[in-house]
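The values are calculated or read from the model by the stated rules, or taken from the named source; none is laboratory data. Source: prediction; values computed, not measured. All Cβ positions, even for glycine, are placed from backbone atoms using ideal geometry, and neighbour counts span all protein chains on display.
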Amino acid sequence: MQKRRMADLLLIFITLTWGSTFVLMKNILDTLSTFELLSLRFTSALIVLLIIFHKKLKYINFNILKYGSLIGLMLCASLVFQVYGLYYTEASNSSFITSLNVLLVPILSAIFFKKKVNRSSVVGIVFALAGMFFLTGGLNFKFGIGEFLTFLCALCIALQILFIDKFTQNYDAILLGIVQIGFSALCCSLGWVFVGGDFVKFNSNIIVMIIVVGILGTALAFTGQTYVQKFTSPTHTALIFALEPVFGLLFALIVPNNLGKVEALTINKVIGCFGILLGVIISEMNLFKVKKNKKI
């Protein structure tokens, strides 16, 4: 139980870190293309991980390469699907559909791994999705190519969480994390070359992005997720990650965009944040735990 509490705290810190990167990445997209940003993000993260954990690299084997690459494929695909989905749908649709990974994780876990979801997590999921609905301004009820691509993003996020849960039971979590980041760096760099990207002209904003998004938000965050997730359930992990837009909104209220403006706080956003927080708290406290009678 103590390890789970520590894991939850670290996952919340990781989610806070991801939330802090939203404004920074949105501002930097005026300078960098999608694949340039993702390539720099994952490549810088990989370099840091190789420096820190270089002594562990001799223990990498074929299975770690295979399963780590599969996790990395899901991670990279989720980001690419989300970005390209945004070309065809509204940001509110994208945010809400992406949040469906909270619902997909327990469904896929039950189907493929026969894992039951406790009632507290079910109630928590309902509150989290309702909160996300308010936070994102609701959903435009249509389903086109943009919505489909964004749904694939949510599916990839769910699979990444489930694969981490499965593979870290038998293989070194740190090495899986390194391979995950390395595979993502390779895919995004190839995408950069494929779309004909230019050489990056580094400036202070890009350097800050590499430090915050690359090192903190990728190297430490994703590898940390891979390590600590084995101490908690995939459904619980997905619920904690639902806090990401809450933290994103918090930083958007403080950090100005390229026009020098901060985001406005509305009643819908307050209700949405409250719903997500309540969902996570209900799941964390396990309020609906059934007490079994002791056998005599």
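So that you can scan it fast, the table gives a plain yes or no per residue for (1) modelled with pLDDT of 85 or more; (2) outside any helix (DSSP H, G or I); (3) more than 15 Å from the chain's Cα centre (by Cα):
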{"residue": "ILE181", "(1), (2), (3)": "yes, no, no"}
{"residue": "CYS187", "(1), (2), (3)": "yes, no, yes"}
{"residue": "VAL200", "(1), (2), (3)": "no, yes, yes"}
{"residue": "PHE222", "(1), (2), (3)": "yes, no, no"}
{"residue": "THR226", "(1), (2), (3)": "yes, no, no"}
Among residues of the stretch 115-124 being outside any loop (DSSP other than H, G, I, E, B) and surrounded by fewer than 23 Cβ atoms within 10 Å (Cβ to Cβ), the residue farthest from the chain's Cα centre (by Cα) is ARG119
Checked pairs for the stretch 115-130, first under 20 Å from PRO245 (Cα atoms), second of a type outside the set (A, V, I, L, M, F, W, C), C-beta under 6 Å and 6 or more apart or across chains, list as SER121/THR235; SER121/SER283; GLY124/GLY279; GLY124/SER283; PHE127/GLY275; PHE127/GLY279; ALA128/GLY279; ALA130/GLY275
State whether one or more residues within the stretch 106-114 are buried (at least 20 other Cβ atoms within 10 Å of the Cβ), within 27 Å of GLU147 (Cα to Cα) and in contact (Cβ under 8 Å) with a residue 12 or more places away in the chain. yes
Within the stretch 202-214, restricting to residues that are in contact (Cβ under 8 Å) with a residue 24 or more places away in the chain and either touching a Cys at 6+ places or on another chain (Cβ under 6 Å) or assigned to a helix (DSSP H, G or I) (or both), the one that is surrounded by the most Cβ atoms within 10 Å (Cβ to Cβ) is VAL213
| Do we have ILE161 as in contact with a Pro (Cβ under 7 Å, 6 or more places away or on another chain) and assigned to a helix (DSSP H, G or I) here? | yes
For the stretch 244-255, pairs from a residue that is at negative phi to a residue that is charged (D, E, K, R) and part of a loop (DSSP other than H, G, I, E, B), with Cβ under 9 Å and 6 or more apart or across chains, are LEU249/GLU263; ALA252/GLU263; LEU253/GLU263
Report task. Would you mind stating whether LEU49 is over 16 Å from PHE199 (Cα atoms) and crowded, with 19+ Cβ neighbours inside 10 Å? Result -> yes
Checking LEU73, LEU149, LEU104, LEU108 in turn, the sole residue that is modelled with pLDDT of 85 or more, over 25 Å from VAL23 (Cβ atoms) and over 15 Å from the mean Cα position of the chain (by Cα) turns out to be LEU108
* Restricting attention to the stretch 125-136, does a residue exist that is within 22 Å of PHE231 (Cβ to Cβ), part of a helix (DSSP H, G or I), modelled with pLDDT of 80 or more and within 21 Å of the chain's Cα centre (by Cα)? -> yes
